[in-house]
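Notes follow once the structure below has been shown.
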Amino acid sequence: MKLNLALALLGIISLSIIAGSSGRVLAERADSVAALPTPKAASAKRNLSFIDTWDGAKINKTDAIWKTELTELEFYVLRKQGTQQAYTGELTDNKAEGTYYCNACGLAVFSSKHKYDSETGWPSFYQPIDKKHVGEMEDKSIPSDVRTEVHCNRCGGHLGHVFDDGPEPTGLRYCINSVSLKFRPSK
Ligand SMILES: [Zn+2]
């Protein structure tokens, strides 16, 4: 009986030692996480330089750097070829006149002049603002449905896809994620 009591006490003491030390580790981790800029704060602070006339120089950043500059959703779509849920983007129904820039690097990619309502739930354009600014790549991520991916030619940021069921004069539909775009109204 005495031995059992002693063992139980020993158990309680060692448990509290473990709890104490792991508590300190957690606190230290929380401090180091707080010291890094959170993605949301970084994005809110990020001042994009808008580029209308591009010299053709590309930019190349690691995922680790992009993670400090983009929100989680921006990173997922722009850097990991993700797709925003239909009808959730802020710019789908935007009818204001202006320019749409790459939300990662600020290169002009689309114009309100070429935007139309495709009723798909994503901002849609029948052509890019400048063909040199928007690149294309074959996307085989869905083997039964090979699509053409479109991206910003300056930073490689994923914008969306282009389909051939668009309106005149091009017959193309650039189906773009809102989160990949930064809209600036014309003055
Ligand atoms: Zn870009």
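A short reminder: the numbers here are calculations on the coordinates, not readings from a lab. All values reported here derive from a predicted model rather than from experimental measurement. Note that we place each Cβ from the backbone using ideal geometry, even for glycine, and neighbour counts take in every protein chain shown.
Using a/c under 1.5 as the rounded threshold, could you call the stretch 44-103 rounded, prolate or oblate? The axes a ≥ b ≥ c are square roots of the C-alpha gyration tensor eigenvalues, and prolate needs a/b larger than b/c, oblate otherwise. Cα axes put the stretch 44-103 in the oblate bin. Annotation note: trypsin sites (Lys or Arg not before Pro) in the stretch 97-137 located in DSSP loop regions with a Cβ neighbour count of at most 16 within 10 Å are LYS131, LYS132. A straight chain from GLN85 to ASP145 at 0.36 nm per residue would run longer than the Cα-Cα distance by 19.7 nm.
Spin-label model, SER49 to MET137: label points 7 Å out along the Cα-to-beta-carbon direction sit 2.5 nm apart. Across the stretch 49-65, the residues whose backbone nitrogen lies under 18 Å from the label position 7 Å along the beta-carbon direction of ASP130 are 49-60.
One Cα centroid belongs to the stretch 59-103, the other to the stretch 127-146; the line between them spans 16 Å. Remark: CYS102, CYS155, CYS175 ranked as CYS155, CYS175, CYS102, counting other beta-carbon atoms within 10 Å and listing the fewest first. Is there a pair in LYS67/LYS115; LYS67/LYS182; LYS80/LYS140; LYS61/LYS140; LYS115/LYS182 whose C-alpha atoms are over 20 Å apart, and which pairs would that be? Check vs 20 Å cut-off fails for LYS67/LYS115; LYS61/LYS140.
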